[in-house]
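Heads up: the structure comes next, in structure tokens.
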Amino acid sequence: METERKQPVVPTATKRLPSRRQRRNEEDIYAGGRLRVARQLAGLTQQRLGERLGVSFQAVQKYENGENRLSAGRLVKAAELLGVTLAFFAKETPRADLAVVMPTELSGDEIALLRAYRALKSDRLRSQLLRLTLTMAEFDDAGASSRFC
């Protein structure tokens, strides 16, 4: 009786999944940038936000960079913690009637200005600060800027 020799199993070529960086899409990157803006405006570190969300600060970094996607539940929790709506994280379809585009990155000075504005309790003071800032912006050209310094 002849014994049959089994041929070794040779794996066929497997299809490689794209890397995490290749899989991220524009919406993930945008939502992550908005998470960063909301976190900075709330005055939280990545570590503190991570603790409140139940994840590591590295996970928060990956969310902010768009490397990892925020689950729906975690996105809802982040919105509640940061005092923003879910719509804050969604990238809107550009509309012709909208002239202002909200940047996803704010400078440290912009964040400080927003936080100071939000700290004002008086509507009157908020209104005056807004008017002052708008007036200063109107005169902010090469010849007029020296008047304010």
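The values are calculated or read from the model by the stated rules, or taken from the named source; none is laboratory data. Note that this is a predicted model, so its numbers are computed, not measured. Don't worry about glycine lacking a Cβ; one is built from the backbone with ideal geometry, like all the others, and counts go over all protein chains shown.
Return yes or no: is Asn68 modelled with pLDDT of 70 or more and surrounded by fewer than 17 Cβ atoms within 10 Å (Cβ to Cβ)?
no
Please name all residue pairs, on different chains or six or more residues apart, with Cβ atoms under 9 Å, provided the first residue is in the range 117-134 and is closer than 20 Å to Leu41 by Cα and the second residue is outside any helix (DSSP H, G or I).
Arg126/Leu120; Leu129/Leu120
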